[in-house]
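The values are calculated or read from the model by the stated rules, or taken from the named source; none is laboratory data. This structure is a prediction, so every number in the text was calculated from the model and none was measured. Neighbour counts run over all protein chains shown; Cβ positions are idealised from the backbone, glycine included. Ligands, DNA and RNA are stripped out before the accessible areas are found, and what is left, the full protein with its side chains, is counted by its heavy atoms. Shrake-Rupley method; radii C 1.70, N 1.55, O 1.52, S 1.80 Å.
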Amino acid sequence: MEQLQVQGAQSLTGAITVSGAKNAALPLICAGLMTDETLTLTNMPDLSDTRLMADLMVNHGLAVQFDDQVMTLGGAATEFDAPYDLVSKMRASILVLGPLVARYGEARVSLPGGCAIGSRPVDLHIKAMQSLGAIVELADGYIQARAPEGLTGGDISFATVSVGATENAVMAACLAAGTSTIHNAAQEPEISDLCECLIAMGAQISGHGTSTIIIEGVTALHGATHEVVADRIEAGSFIIGAAMTGGTLRLRKARLDHLTALQEVLVKVGVTLESGESETGEPFINVKAPAAIKAVDVETAPYPGFPTDLQAQYMALMSVADGTARISETIFENRFMHVPELVRMGADITIEGGVAIVTGKASLQGAPVRATDLRASISLVLAAMAASGTTTISEIYHLDRGYAQLEARLKTCGAHLVRC
Ligand code: UD1
C-alpha cells in the first residue's frame, strides 16, 4: 500500500497550473454515450476516476482514446449494463443512466459506491428518469430503466439540490421529445460546463447556471470538441495550502468567479486574493498568506454557497487559526472523517452533530495519519505541509482519484513529499 511522506514547515510558494475539473470531466465523458460521432474532450485530468469512467465507456462499447490530456470517445453503445465491479468503485458511474435510457431506451446500472461520506441515496436520479416517462425498477442491486418508445419531456422538480441528479436529468432531457423544465437544479460551474458541451453537440438548453434549466429535446446529437473547465476545488485546495503555510502562490487557469464563497470567507480570514488574466487571456488567481490567520465560521451549501468539497481543507486551515471557528456541514452527514486524523496531528476539534468546533493552535505536529476520502486526504496533505516534523499519510489512493500529479506539482512550489 502506497504512503505519502510529507516533510512539514514548508511554505507553498510559486506557480501551479490548475487541472481540468474531475467533477466536470466525469459527466462529460458520459455525454460521449449520446452520439455515435466523436466527442473530443481537452484539458482532461489524468486521474484514476477519469480512467475508470473511460473503462466504463469501453464496457458500453465505445472506442476511447486518452493521451496527453485529450480524451476522444466515439461509436455506438452495444452494452447497456453498468456492472457492480465498475460502478461500486465510483459513485459518478450513475451518470450513464440518463444518456443510455434517453438514447437507447434501456439502462441497467448497479447501485453506486464511491467515497464513504454518507448514505448518498439515488432517489432523485430515479425520480428524474420517471418524470421523463421511463419505467424504473430496483432489482438485485441494480437500477433498471426502460423507455421503449423514447423519453418524453416533462417537469422535474428536485426536493433537494443534487449535482449528479441534475446532470442525469439534463442529459436525458436533451433527447426526450418536447420541452423539459428542471426546477431546483444545481447551479455548479460543472453543470454549466456539461450544458455548454451538450449545446456544442446540438442540444437546446437554456437557464444553466441558474436553478431553472429548460431543455428542448432534439432527435440526435453530433460530435464536438470541448475543453474541460478548470477545477475550482483543486484551486481552492491550493489556495488554502498557500494560506496556511505562509506562502505566495499563483494558480494559472483558476477562476476566482467560481470560488466567490471561499473568497468571501478567506478575505475575513486575512488572506489576500486577486484575480487577473495573462497576456494570452488565461485567467489566474494570486494568493498571499496573512501574517495571522483569523478564525471564521463557515456553513457548507450548494453552489454558490461554500463547497462541501472544500470543508476538510478549510478545517485544516482553521486548525492553525487565532481563535475558534464553527464549521457546519449541511450536505453530507458523515463528512468529518478527517477530524480524528487532524486531531492526531495536534488539532483541537470537537464535533456536535453536523458542526465541528475548531480551536486553532500555534502549530500542528507531524504524525502517521490515514486518508479516508478524497477531500479528507488533501486536507491532511495541507496540514502536513504546515506542521512541524514528518507526516506519513496512508491509503493515498483516494488522492489519486482527484489530484493529478500532485507531488510533482507541489514540489515545484517548495513542498517536500515522497511517495513510498
Ligand atoms: C457531487 C460531486 C461531489 C460533491 C457533491 C456536492 C461529482 C462527481 N461529485 O456529488 O464531489 O461533494 O456533488 O457538491 O460531481 N441526494 C439525495 N438523493 C439523490 C442524490 C443526492 O438525497 O438521489 C442528496 C445527497 O445525499 C446529498 C445531497 O443530495 O446530501 C447532494 O448530493 P449530490 O449533489 O447529488 O452529490 P453528487 O452528485 O453525488
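Descriptive notes on the structure:
- Taken per residue, the accessible surface of the range 1-115 reaches 35 Å², heavy atoms only and a 1.4 Å probe.
- For the chain, the dipole from Cβ point charges (+1 on Lys and Arg, -1 on Asp and Glu) about the Cα centre works out to 1100 debye, to the nearest 20.
- Annotation: extensible slack from MET1 through ASP36 equals 8.6 nm (criterion: 0.36 nm per residue apart, minus Cα-Cα distance).
- In this structure, the pairs whose alpha-carbon distance is over 19 Å, taken from LYS294/LYS361; LYS22/LYS89; LYS89/LYS127; LYS22/LYS288; LYS89/LYS253, are LYS89/LYS127; LYS22/LYS288; LYS89/LYS253.
- The H on the amide N of GLU227, modeled in the peptide plane, is under 5 Å from the matching H of THR42, each at least 5 residues off or on a different chain.
- Each of CYS420 and LEU138 was given a label point 7 Å from its Cα along the Cα-to-Cβ line. The distance between the two points is 4.6 nm.
- Net dipole in debye of the range 22-227 [+1 Lys, Arg Cβ; -1 Asp, Glu Cβ; about Cα centre; nearest 20]: 420 debye
- Derived scalar couplings between HN and Hα for the range 329-338 equal 9, 10, 8, 10, 7, 10, 10, 10, 5, 6 Hz in order, rounded to whole Hz, by the Karplus curve 6.51 cos²θ - 1.76 cosθ + 1.60 (θ = phi - 60°), x for Gly and Pro.
- Along the range 50-65 the Karplus relation, 6.51 cos²θ - 1.76 cosθ + 1.60 evaluated at θ = phi - 60°, assigns HN-Hα couplings of 6, 5, 5, 5, 4, 4, 5, 5, 4, 4, 7, x, 7, 8, 10, 10 Hz to successive residues, with x for each Gly and Pro.
- Theoretical gain in end-to-end length, THR17 to SER275 [0.36 nm per residue, Cα-Cα removed]: 91.5 nm
- Using bins of 10 Å that start at zero, the share of Cα-Cα pairs per bin across the range 22-227 amounts to 10, 40, 40, 10, 0, in whole %.
- Here the accessible area of the chain is 48 percent carbon and sulfur, with a 1.4 angstrom probe and all protein chains present.
- Taken one residue at a time, the phi angles of the range 277-285 give Karplus couplings (6.51, -1.76, 1.60, θ = phi - 60°) of 10, 6, 4, 8, x, 7, x, 8, 10 Hz. Gly and Pro are set to x.
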